[in-house]
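Working notes, beginning with the structure itself.
The values are calculated or read from the model by the stated rules, or taken from the named source; none is laboratory data. Everything numeric here is computed off the predicted structure, so don't read it as measured data. Here the Cβ is made from the backbone with ideal geometry for all residues, glycine too, and neighbour counts use every protein chain on show. We work out accessible area using only protein heavy atoms, side chains counted, and drop any ligands, DNA or RNA first. Shrake-Rupley method; radii C 1.70, N 1.55, O 1.52, S 1.80 Å.
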Amino acid sequence: MKKTAKAKITWTPPEKGGRRLIDTGITYAIPARFEEEAHKYPKEAWSLVIELVEPPNESLETLAMVWLLVGDKPEAPNHLLHPGSRFELFDGNVIVAAGVVLE
């Protein structure tokens, strides 16, 4: 069963390889590395769906709803979406954001 969580995401500035367009109403599916299972990345990589709740502030922080792209599959690590769980989002080998699950 798919699990959805609220997360705070801090985006990497564009001059450091981050994304130029970050907008509400857009849903991103992007590879994520969870701190708890970082040793498995990238061999066992999962895509996280990011749906922004608000636009990023001056510090490039935003709130988002997140879930695993294949979160309805029995092998999906939905257990990683718990309060305090930390993750990084990747575009290729570049970290474009870091996040923490709030609830």
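What the table shows:
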{"read-out": "5 angstrom amide H check on residue 85, placed H, neighbours 5+ away", "value": "101"}
{"read-out": "Within segment 1-69, trypsin sites (Lys or Arg not before Pro) in DSSP loop having at most 15 other beta-carbon neighbours inside 10 Å", "value": "2, 20, 43"}
{"read-out": "Sequence-separation-based contact order of the chain, relative, with Cα cut under 8 Å and 6+ spacing, percent", "value": "40 percent"}
{"read-out": "Hull shadow area, averaged, segment 30-89 [alpha-carbon convex hull, nm²]", "value": "4.5 nm²"}
{"read-out": "Residues with amide H under 5 Å from that of residue 12, placed H, sequence gap 5 or more", "value": "19, 97, 98"}
{"read-out": "Cross-link partners of residue 3 among aspartates and glutamates (Cα-Cα below 17 Å; sequence separation of 8 or more within a chain)", "value": "51, 72, 75, 103"}
{"read-out": "Size-normalised alpha-carbon gyration radius of the chain, reference 2.2 N^0.38 Å", "value": "0.99"}
{"read-out": "The chain - charge dipole about Cα centre, Lys and Arg +1 at Cβ, Asp and Glu -1, debye rounded to 20", "value": "180 debye"}
{"read-out": "Karplus-derived HN-Hα couplings along segment 51-57 (A = 6.51, B = -1.76, C = 1.60, θ = phi - 60°), whole Hz, x at Gly and Pro", "value": "10, 5, 8, 8, x, x, 7"}
{"read-out": "Carbon and sulfur %, accessible surface of the chain computed with the full protein complex present, 1.4 Å", "value": "51 percent"}
